[in-house]
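My questions will all concern the structure given below.
The values are calculated or read from the model by the stated rules, or taken from the named source; none is laboratory data. Nothing here was measured: the structure is a model prediction, and the numbers come from that model. Note that each Cβ is placed from the backbone with ideal geometry, even for glycine, and that neighbours are counted across all protein chains shown.
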Amino acid sequence: LDADSARELAQRGGTILLLDVPENTAVGVDQQTFLVGPKFKGIKMVPPGTHFISYNSSSGQGDFGPTTSFFLPIRSGQVVVRRWNGPEEVLEELEDEDEVERYAQAVRSFQLDQHLAPYDLASWNRWRQLAGHISGGVVDALQPVGGNINILAEADPSLLRPATAAEEALYEQLQKGREAAAERQQAAAEQAGNGKGGRWAAAPHAGRCFYTPLPRLVKRGGLTPQELTALNLDKSRVLEEVLTKHFKGDQEAFLGEFQFCFLAFLLGQSLEGFAQWKAFLCLMFGCDDAPLGARSQLFADFLRALHAQLAHSLAPVSGG
């Protein structure tokens, strides 16, 4: 980019300031990951829309703690400021509005430009395919209290009852990572004389997402066995009830939650996100009549979103 183009992108795009983040912390913005260096203060040229911020604290011995993450809607030209809380190892919003405005002015006058990494604009189209339906309203409705997602704040993963060999292998892999992180932090805490309980043994700064209940197996009283079987064989009626009751007919919000839970799982390592994503698949692929009737557009959009998810998940990892 030439200087004029870069300046225009910096002014039109948003900026995410991440202050006082320790060196060697892994910070992710959508599909892009940074290993924090001494000059890092955030990301510039962030396109308007909903983005996903994730980070992992470093132990200093080359390993990382569990991922903490949050969704962040960004407006054109907006400056978002978060500061590192050392004892809690979490990024927090600044409470002083005057301080936030001073940082925003510093960004707009390019005083911090040398400390800001550019957003990877080449990946923006791919990100829109993964998150294009996630509006600010979807984030507000689904995000935990405080906004932070962390696997340690979720229910015991064993309660999700993996049903297939692939799901069982995935559960075991994530569970091993969870237990290894807890063991490392327990040992670090004991060496530091902090007693029992590592710094990542729990996640008081995070919470559980408010996902929509999506039934896999419909059980209702007052129906004949034949009616109950028909309802489970074709979930088109169940889909209509879910859309009406929980989404007030808003198909965009429905698709937004489908994308939200997938990204929470894929980038935030959330098992509850994975369980919700599977529930969406069971509901949608259990419908016979809806795809050919009034909900044909919903299914077309759903399949496009699913295709983008699978294409991203199965893409080979580049070695750079």
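Listed here are the residues, each with its yes/no results for (1) more than 18 Å from Asp140 (Cα to Cα); (2) surrounded by fewer than 18 Cβ atoms within 10 Å (Cβ to Cβ).
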position	(1), (2)
Glu257	no, no
Trp277	yes, no
Gly293	yes, yes
Leu306	yes, no
Leu310	yes, yes
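Applying the selection to region 70-91, what residues are surrounded by 15 or more Cβ atoms within 10 Å (Cβ to Cβ) and either under 12 Å from Val21 (Cα atoms) or of a type in the set (Val, Ile, Thr) (or both)? Even if it seems obvious, please write down each step before you answer.
Of region 70-91, the ones surrounded by 15 or more Cβ atoms within 10 Å (Cβ to Cβ) are 70-74, 77-84, 89-91.
Within region 70-91, Ile74, Val79, Val80, Val81, Arg82, Arg83, Trp84, Glu89, Val90, Leu91 qualify.
Could you check region 288-310 and list, in sequence order, the residues that are at pLDDT below 95 and outside any loop (DSSP other than H, G, I, E, B)?
Ala290, Pro291, Leu292
Among the listed residues Ile53, Ile151, identify the single one that is of a type in the set (Val, Ile, Thr), modelled with pLDDT under 95 and either surrounded by 16 or more Cβ atoms within 10 Å (Cβ to Cβ) or over 19 Å from Phe34 (Cα atoms) (or both). Give the derivation first.
Numbers: Ile53 fails: modelled with pLDDT under 95.
Sole residue among the options that is of a type in the set (Val, Ile, Thr), modelled with pLDDT under 95 and either surrounded by 16 or more Cβ atoms within 10 Å (Cβ to Cβ) or over 19 Å from Phe34 (Cα atoms) (or both): Ile151.
Hey, Pro22 hits all of (1) at pLDDT below 95; (2) within 17 Å of the chain's Cα centre (by Cα) but one; which does it fall short on?
Failed condition: (2).
Let me ask something additional. Just checking, does region 100-116 include any residue being of a type outside the set (Lys, Arg), outside the structural domain of Leu310 (by TED's automatic domain parsing) and within 24 Å of the chain's Cα centre (by Cα)? Can you show your working first?
The first filter runs over region 100-116 and keeps only residues of a type outside the set (Lys, Arg), leaving 100-101, 103-107, 109-116.
Next cut, outside the structural domain of Leu310 (by TED's automatic domain parsing) only: 100-101, 103-107, 109-116.
Those left that are additionally within 24 Å of the chain's Cα centre (by Cα): 116.
Yes, that holds for at least one residue.
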